[in-house]
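Laboratory data are not the source of any read-out in this text; all were calculated from the coordinates shown. Computed from a predicted model, the values in this text were never measured in an experiment. Glycine also receives a Cβ, built like all others from the backbone with ideal geometry; neighbour counts cover every protein chain displayed.
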Amino acid sequence: MSAQARVLGFAKEQSLAVWVLQLGMLVNFFGNGLVAPFLVLYLHFGRGLPIAVAGAAIATGGLTAIASGFLAGWSADRFGPKFTLVGAMLSNALAYALYLRVTEVWHAFAVAALVGVGTGAFGPSQQSLVAILVRPERRHRVFTQNRMFALVGLGLGGIVGGFIAAGERASDYETLLTLDVATFLVFAAVLSQIPVARRRTEGRSSAGGYITALRDRSLVRLCLVNLALVSAGIAPMLVLMPAYAKVHGEVGEGAIGIIYAVNTLTVLLAQIPITRLAEGRRRMPLLAVGTLLWIVAWSVMLAGAVGPHAWAAILIAIAVVLYGVGECLYSTVVVPTVAAIAPDALRGRYLGVMGFSWQAGFMIGPAIGASLVTIGPLALPVACAGLCAVALAGALATERGLVAEHLRTPRVIARGPSSSALMKWITREHPRVDRVACPWLIEKFVDKDAEFIYVPADQVMAEARTRNATPYDVKDVELGHRGPECSFDAFVRKYGLEKDSAMVYMAKVIRGADTADKTITPESVGIEALLEGIRLVHQPNDQKQREASRPILDALYAYCQTKVT
């Protein structure tokens, strides 16, 4: 499949609400790109603050962002993520408008603190909103798409901002701030138009709150790993790489700009293929691979600094490419895993805790890393590579605490052109093994909102035509028995699940339970007995029988995942 086809495929599978959200993000990050590179310059040249004071004032936002992230997580769970995200954007619009009124040092500190309120609230609320708008099996794709929109917006904003600020007049910087305020307001307006179903958990407090979240060992371990990765990877690469390259590799500003462009291009080209590659694979080993690439990247960067300076720019660019590929794996794994393990009622809080590890990493990494840059060329790369090695071990250790359902990145099943409509499936009434196992597969891997219809055997085909439903587990249909195989096998083949070794083994278990050959797997007889017992308890209510069978099949799939690992 060509790169263009992959991008178009990613684009077509998203709902209108997701596209509206992402276009709003593009506008918002365009505004961030306009202002971020020039804010210190504005406060210095436009408002007369010393550069050191201007930098310290802007850093104040990091402190309030930490507190704001926790508040936003609670608000997203209590009042809804859309409400919280709109509030964050309005807060940022007000804050950047107030930058235009700064005349005293304390004004700059106060405004920067207000900026931190909106900045810290953005991550947990935006990620919680995605979790509501997108099916669980597709969230990793949307999270990585959002990152790509953010990168494009920042890049375009930086280019346009450079042209506007070229005159170095105070009015030029004020124009940038005014445009940034407008982008926050546009994003808030766009968000207000996104239809979001109210969750049952909104509007009431959740038992335990942050205490419950912090008792989840998987979340805490993953956040500690993330703290290390942001401190030793993302933050120093973004903030300190230019200074390191210039001081120790004698790389010029023009080359540094090209290196940044290479990093952005790497992510834009590699993110979609890497996201697809991750599907069906274990999350934490993928994160470990990405972290290993960061360790290699720091080693290559060190070689660029201590080797012949004629090669420094090329070696550092290679290091940045390796880092970019690792960053794509990071984006595919970390936030989607937190969204997956979080209970619906606490997802905002879980993401708030993850946001804390991100903000803390951006405070710790540059603060310590800047001192390491001044020591010599060895200090920063060696320290960062060492901490990444610790994070790699931590990622592999984190896997042991994840339940089987969350071990792997979900595999997205390609759906037909009518996939936007409600899928209907019809079969014979009074179901046994195959006719409850197939709906389980459909709900888990194909369409969680599908409708299942049970009718007398002699009415299946006629009702299928009348109701525009797909028949299964009846004679002479695509999704029926073939030789020794049952209908469940046909579903596995049709939706490309043969790549999932756990699903392949589960299909054997179901085949043995549903057909005459009970010797296919040792588990088949037991599964048949359990599902038959559920049938006897709930007959003649076929729908209740199907729903009651779901936990048994969930448990069977989890067992199969451990069996083939």
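Per-residue Cβ neighbour counts within 10 Å put Leu21, Leu392 in the sequence Leu392, Leu21, beginning with the fewest. A simple charge model with +1 on the Cβ of Lys and Arg, -1 on the Cβ of Asp and Glu and nothing else charged puts the dipole of the range 1-197 at about 600 debye relative to its Cα centre. Across the range 209-406, Cα pairs under 8 Å and at least six residues apart give a relative contact order of 41 percent.
Answer with one residue from Leu156, Leu530, Gly120: the one whose Cα lies farthest towards the positive end of the charge dipole of the chain, charges on Cβ with Lys, Arg +1 and Asp, Glu -1. Looking along the dipole axis, the top candidate is Leu530. Here's the picture: charge each Lys and Arg Cβ at +1 and each Asp and Glu Cβ at -1 in the chain, and of Tyr454, Ser218, Thr374 the one pushed furthest to the positive end of that dipole is Tyr454.
Listed from fewest to most Cβ neighbours within 10 Å, the set Met25, Met301, Met461 follows the order Met461, Met25, Met301.
Would you tally the net charge around Leu402, using a Cβ to Cβ cut-off of less than 13 Å, leaving Leu402 out, and scoring K and R as +1, D and E as -1? Before the final figure, lay out the partial values.
Values: positive: Arg217, Arg221, Arg282, Arg283, Arg400, Arg408; negative: Asp216, Glu399, Glu405.
Spelling it out: positives minus negatives among the neighbours equals +3.
Counting only alpha carbon atoms, the long axis of helix 16-35 and the longest principal axis of the chain meet at about 10°.
Taking the longest Cα principal axis of the chain as reference, the axis of helix 139-164 is set at about 20 degrees. Separation of the range 141-159 and the range 425-475, taken as the distance between their Cα centroids, equals 42 angstrom.
In the chain, the longest principal axis of the Cα atoms and the axis of helix 217-229 are about 40 degrees apart. For Thr470, the residues 5 or more places off, or on other chains, whose built amide H falls under 5 Å of its own are Lys424, Trp425, Ile426.
Assuming a ≥ b ≥ c are the square roots of the Cα gyration tensor eigenvalues, decide whether the range 81-187 counts as rounded (a/c under 1.5), prolate (otherwise, with a/b larger than b/c) or oblate. Oblate, since a/c reaches 1.5 and b/c is not below a/b. When DSSP beta bridges are restricted to pairs lying wholly in the range 424-564, around 10% turn out antiparallel.
Considering only the other residues whose Cβ falls under 9 Å of the Cβ of Ala131, what net charge follows from Lys and Arg at +1 and Asp and Glu at -1?
Working: positive: Arg139, Arg347; negative: Asp344.
So the environment of Ala131 carries a net charge of +1.
Note that the range 183-191 has calculated 3J(HN,Hα) couplings of 5, 5, 5, 4, 4, 4, 5, 4, 4 Hz, one per residue in order, obtained from phi through the Karplus relation 6.51 cos²θ - 1.76 cosθ + 1.60 (θ = phi - 60°); glycine and proline are x.
Among bridges DSSP assigns within the chain, what percent are antiparallel (round to 5)? Write out the running numbers ahead of the final one.
On the way: 2 of 10 bridges.
Percent antiparallel among DSSP bridges in the chain is about 20.
Each Cα pair under 8 Å and six or more residues apart adds its sequence gap; the mean of these over the residue count of the chain is a relative contact order of 16 percent. Rounded to the nearest 20 debye, the dipole magnitude of the chain is 600 debye, with +1 charges on Lys and Arg beta carbons, -1 on Asp and Glu beta carbons, and the Cα centre as origin. Principal semi-axes of the equivalent ellipsoid, √(5λ) from the alpha carbon gyration tensor of the range 209-406, are 31, 18, 14 Å from largest down. Each of Arg550, Arg217 has some number of other Cβ atoms within 10 Å of its Cβ, and from fewest to most they run Arg217, Arg550.
Each principal axis of the Cα cloud of the range 142-267 was taken in turn, and the coordinate range along them, longest first, works out to 54, 38, 27 Å. Judged by the mean number of other Cβ atoms found within 10 Å, the most tightly packed of the peptides 84-91, 332-339 leads the ranking 332-339, 84-91.
Each principal axis of the chain carries a Cα extent, and these read 84, 49, 45 Å when sorted largest first.
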